[in-house]
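The values are calculated or read from the model by the stated rules, or taken from the named source; none is laboratory data. Here the structure is a predicted model, which is why all the values come from computation and not from measurement. Cβ atoms come from the backbone with ideal geometry, glycine included; neighbour counts cover every protein chain shown.
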Amino acid sequence: MHILIVDDELLARSRLRTLLGDCDARHQVTEAAHAGDALTQLAISGGRAVDLVLLDIHMPGQDGLALAQQIQGLPYPPAIVFVTAHADHALSAFELDAVDYLTKPVRLQRLQQALAKAQRATGQGVSLPSTPPAEGEALLIQERGRTERVPLAEVLYLRAEQKYVTVRTTTRSFIVDDALADLEARHAAHFLRVHRSTLVARRAMRALERHYDAAEGEGWAVRLHGLAEPLPVSRRQVAAVREALAA
């Protein structure tokens, strides 16, 4: 991947560059010391030439959160991973559709996890085939004093809403306490993340289309077999959805 490090501290940039080399020496790494420098590098190609931005939040002048908003407006926005010494901006970061949020000092294992997420988000990860769930694979739903098995083959999507995850089938919805990230890790072969809050069944995807959302404006949405309403797709996941549809 081509990775752009944006941080006003030289030592922080140097440490990230070293860690990236430990992850994979093939990564192409460039640096920017402030938002203006980063925008200049990104604007040359509309963002297409950069796959991932490792972005500090607290910088002189324009901060990382404001810069992330501008990056999202590029024709080909790269994935964003925030890297900061402060943990109190995590919610704002994920509202900006960040792939991950790392706190300094960054550990190699966490950086590797963030890079893997970015590769999936940009369609550079390993493409998983759309195979039907094996017979017997199911989610266990605890509801009103009873436990119910919902076969994975019946699930259309999983959506994080407040503290819970909604499990939607063609006939009804369920609520589970599991974290969306945990469900994604356990069932990655069957579900694809199309938005920061939504996983969809790979086998159910039928079309990717232009979509207008009153809150987010013009964008993209995926249509699922057995579901009337389309589901929003974040811009950085469009390539992954196209790849999954073609698989």
(message) Condition check: exposed (fewer than 15 other Cβ atoms within 10 Å of the Cβ) and at pLDDT 70 or above. Does L65 satisfy that?
(response) no
(message) If I filter the stretch 92-129 down to residues being modelled with pLDDT of 75 or more and among the hydroxyl-bearing types (S, T, Y), which single residue comes out as surrounded by the fewest Cβ atoms within 10 Å (Cβ to Cβ)?
(response) T103
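Using the structure shown, decide if A38 is buried (at least 16 other Cβ atoms within 10 Å of the Cβ) and either touching an Asp or Glu at 6+ places or on another chain (Cβ under 9 Å) or assigned by TED's automatic domain parsing to the domain that holds T103 (or both).
Considered against the rule, which asks whether it is buried (at least 16 other Cβ atoms within 10 Å of the Cβ) and either touching an Asp or Glu at 6+ places or on another chain (Cβ under 9 Å) or assigned by TED's automatic domain parsing to the domain that holds T103 (or both), A38 comes out as yes.
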(request) Return the total of residues in the stretch 138-162 being of a type in the set (S, T, Y) and exposed (fewer than 11 other Cβ atoms within 10 Å of the Cβ). (result) 1
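Among A240, A153, A160, which is the only one that is under 28 Å from I71 (Cα atoms) and either at pLDDT 90 or above or assigned to a strand (DSSP E or B) (or both)?
A160
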(request) Please give the helices (runs of 4 or more DSSP H) falling wholly within the stretch 1-110 in which 2 or more residues are free of Cβ contacts under 8 Å to residues at least 40 places away in the same chain and among the charged types (D, E, K, R). (result) 10-23
(message) Looking only at the stretch 171-214, filter to residues that are aromatic (F, W, Y) and modelled with pLDDT of 90 or more; which one of those is farthest from E137 (Cα to Cα)?
(response) F174
(message) Would you confirm, using the coordinates I've provided, whether T171 is surrounded by fewer than 21 Cβ atoms within 10 Å (Cβ to Cβ) and either β-branched (V, I, T) or touching a Ser or Thr at 6+ places or on another chain (Cβ under 6 Å) (or both)?
(response) yes
(request) Take V241 and decide whether it is buried (at least 18 other Cβ atoms within 10 Å of the Cβ) and either over 25 Å from L52 (Cβ atoms) or in contact (Cβ under 8 Å) with a residue 24 or more places away in the chain (or both). (result) yes
(request) Filter the stretch 220-229 for residues that are out of contact with any helix residue (DSSP H, G or I) (no Cβ under 7 Å at 6 or more places or on another chain) and more than 23 Å from V99 (Cβ to Cβ) and give the result. (result) R223, L227, A228, E229
(request) Kindly check whether there is at least one residue in the stretch 177-192 that is assigned to a strand (DSSP E or B) and surrounded by fewer than 12 Cβ atoms within 10 Å (Cβ to Cβ). (result) no
(message) Go through the stretch 199-218 and report how many residues are farther than 18 Å from L152 by Cα and touching a helix residue (DSSP H, G or I) at 6+ places or on another chain (Cβ under 7 Å).
(response) 1
